[in-house]
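The values are calculated or read from the model by the stated rules, or taken from the named source; none is laboratory data. Model, not experiment: these values are computed from the prediction. Virtual Cβ from ideal backbone geometry, glycine too; neighbours counted across all protein chains shown. With ligands, DNA and RNA removed, areas are computed over all heavy atoms of the protein, side chains included. Shrake-Rupley method; radii C 1.70, N 1.55, O 1.52, S 1.80 Å.
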2 protein chains.
Amino acid sequence: MGHTQRGQCAKRISILDAAAQVFCREGFSGASIDEIAVEACVSRQTIYNHYREKETLFTAVVEDVMDRANAMLFSILSTFPDKSDHLEDDLTAFAVRLTKNCLCNQDGKFLRKLVQSEGERYPHLFETWRQHGPGKIGTALGALFARLSHKGVLRIDDFDLAARQFLALVNADLQMITLFGGTPTDEQLESAARNAVQTFIRAYAGPASEAAPRTPALAVVS
Amino acid sequence: MGHTQRGQCAKRISILDAAAQVFCREGFSGASIDEIAVEACVSRQTIYNHYREKETLFTAVVEDVMDRANAMLFSILSTFPDKSDHLEDDLTAFAVRLTKNCLCNQDGKFLRKLVQSEGERYPHLFETWRQHGPGKIGTALGALFARLSHKGVLRIDDFDLAARQFLALVNADLQMITLFGGTPTDEQLESAARNAVQTFIRAYAGPASEAAPRTPALAVVS
DNA sequence: GTCAAACTAGACACTATTGTCTAAAACGTC
DNA sequence: GACGTTTTAGACAATAGTGTCTAGTTTGAC
């Protein structure tokens with residue numbers, strides 16, 4: 001048993017990579033092993049050697065993409081602006097990083113599409129993703145917003161809610177583009193992020209919810 | 001040629017209905033004509049009589065759902081609060097109507113899922129939908145927000161942007177639920193709508209954007 | 001160079017699906 | 001009840017895909 005790790009590993013990666021693309025393009029039923037084999041420059045039998053059957057390959061691909069996506073996600077989360085004198089610019093830059101590297105990249109597209117189309121068929125597979133991915137991002141972002149709130153930079157009651165709304169706002173301008181598999185340009189990313197951050201800051205800046213519950217009359221500039 | 005409209009029409013509806021469910025559940029490739037026939041309580045040949053082939057049936061189903069969804073959408077849009085002394089409550093109720101009858105119902109689920117999974121394969125089919133559906137809802141909602149803004153109830157610069165953000169905020173709390181095909185409860189709908197409306201009003205209420213212009217250049221649209 | 005492991009190419013049985021065809025049955029109208 | 005239309009059930013060929021098997025080839029470590 002010589003440790004031919006490099007060769008095997010290269011094939012594995014090649015297979016996973018090709019399978020991800022084909023599954024994403026055609027869905028689970030529409031993807032054929034032959035197609036994946038051709039795209040991976042590998043014989044069909046090799047695929048069956050590594051992964052017993054189509055479903056095994058599929059779950060392996062999903063787990064692989066999930067791991068990469070989560071790693072990237074928390075890597076980006078760690079760049080959340082901790083101290084900043086230009087909150088709008090820093091939050092915008094953060095939002096751009098987040099969208100570009102997590103939400104709009106290859107893996108993000110794959111997960112959005114596959115969760116949507118095959119999520120109901122593989123509940124446990126995607127539920128772990130939901131917990132470790134979008135579930136965690138909410139609370140993690142929430143914790144980061146909590147820091148900003150405690151510093152008085154923002155005035156936030158419900159941190160998790162604010163995090164969800166932040167993400168939703170960032171997606172507001174991108175959804176139409178990303179819906180058909182399109183990739184937004186850098187300008188679109190920038191614009192979407194800035195629009196989102198401006199609205200977010202307007203909603204959560206200034207001393208609110210102290211005297212007056214939530215009705216208007218809030219001075220904006222600090 | 002007796003006008004047996006009722007019988008034929010009933011079959012057509014039955015087929016379209018069953019096909020929508022099966023296509024939604026299994027995707028285009030995964031759905032089999034036999035399955036649809038069984039679900040529609042109809043022989044397979046009848047399907048081939050009405051729709052020449054699988055693809056014809058699929059486009060017919062999509063167009064059918066699109067029409068229903070658009071009709072419902074504009075029906076709900078017409079209930080946008082025109083005059084209101086309780087803006088938050090009225091906007092919340094509107095958001096609940098919108099989510100319940102358009103975004104989270106059977107047709108909304110179908111369109112979200114199928115646009116995502118088959119959108120790239122049928123560009124023209126879903127592009128018309130994009131223009132007549134979500135494309136129009138943005139501008140239509142934008143026009144309604146413009147009215148509120150001109151009355152001084154809200155202070156909005158970019159109406160279409162505000163509309164997109166309103167929709168995004170409403171979805172913020174629902175995405176996690178609706179992602180796996182789940183249907184939110186009335187309480188969840190209410191809560192999501194209220195959270196969204198409160199944040200939206202906080203961002204767009206009060207005299208803003210006159211003393212401190214937040215950014216010179218926005219409104220980037222390609 | 002040897003050797004074992006991995007890879008390849010192709011044939012193979014099996015199943016599922018599409019779309020066609022036919023003859024019988026059901027339906028609705030007159 | 002007769003008639004035309006629609007529906008049905010089933011057989012049917014054609015195609016495509018899965019997963020297995022085998023025999024031959026490459027690869028990499030020693």
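Laid out as a table, the results:
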{"item": "Dipole of segment A:51-117 [Lys/Arg +1, Asp/Glu -1 at C-beta], most positive-end residue of A:VAL62, A:CYS102, A:SER75", "result": "A:VAL62"}
{"item": "Two-decimal ratio, the protein assembly as shown, of alpha-carbon radius of gyration to 2.2 N^0.38 Å", "result": "1.08"}
{"item": "Dimensionless Rg/Rh of segment B:1-151 - Kirkwood Rh, Rg from C-alpha atoms", "result": "1.08"}
{"item": "Inter-label distance for A:GLN45 and A:GLU120, nm, one decimal - labels placed 7 Å from Cα along Cα-to-Cβ", "result": "4.0"}
{"item": "Where B:ARG164, B:ARG147 fall by accessible area, highest first, once all protein chains stay in place (1.4 Å)", "result": "B:ARG147, B:ARG164"}
{"item": "Protection proxy ranking, peptides A:183-192, B:112-121, B:180-189, average beta carbon neighbours within 10 Å, highest first", "result": "B:112-121, A:183-192, B:180-189"}
{"item": "Total accessible surface hidden between B and A, rounded to 100 Å², 1.4 Å probe", "result": "4400"}
{"item": "Low-density loop cleavage sites - GluC sites (Glu not before Pro) in segment B:34-68, where at most 11 other Cβ are within 10 Å (DSSP)", "result": "B:GLU53"}
{"item": "Of all accessible heavy-atom area on the protein assembly as shown, the percent that carbon and sulfur account for (1.4 Å)", "result": "53"}
{"item": "Intensity falloff of segment B:75-122 expressed as log10 I(q)/I(0), Debye formula with alpha-carbon point scatterers, at q = 0.25 Å⁻¹", "result": "-0.85"}
{"item": "Residues with amide H under 5 Å from that of A:LEU154, placed H, sequence gap 5 or more", "result": "A:SER149"}
{"item": "Entries in A:LYS109/B:LYS100; B:LYS83/B:LYS109; B:LYS11/B:LYS136; A:LYS83/A:LYS109; A:LYS100/B:LYS109 that, when Cα-Cα distance is taken, lie over 29 Å", "result": "B:LYS83/B:LYS109; B:LYS11/B:LYS136; A:LYS83/A:LYS109"}
{"item": "Whole-Hz couplings from phi, Karplus 6.51/-1.76/1.60, listed for segment B:150-158; x for Gly and Pro", "result": "5, 7, x, 5, 10, 10, 10, 8, 10"}
{"item": "Degrees separating the helix A:5-30 axis from the principal Cα axis of chain A, which is the longest one", "result": "70"}
{"item": "Part-to-part distance (alpha-carbon centres) for segment B:131-198 and segment A:53-105, which is given in Å", "result": "26"}
{"item": "Coarse-grained scattering of segment A:35-116 at q = 0.11, 0.12, 0.20, 0.25 Å⁻¹, given as base-10 log I(q)/I(0) from a Debye sum over alpha-carbon atoms", "result": "-0.45, -0.51, -0.93, -1.14"}
{"item": "Two-decimal ratio, segment B:108-166, of alpha-carbon radius of gyration to 2.2 N^0.38 Å", "result": "1.42"}
{"item": "Test item: Cα-centred dipole of segment B:118-208, Lys/Arg +1 and Asp/Glu -1 on Cβ, debye", "result": "380"}
{"item": "Average beta-carbon neighbours from other chains, 10 Å sphere, peptide B:103-112", "result": "0"}
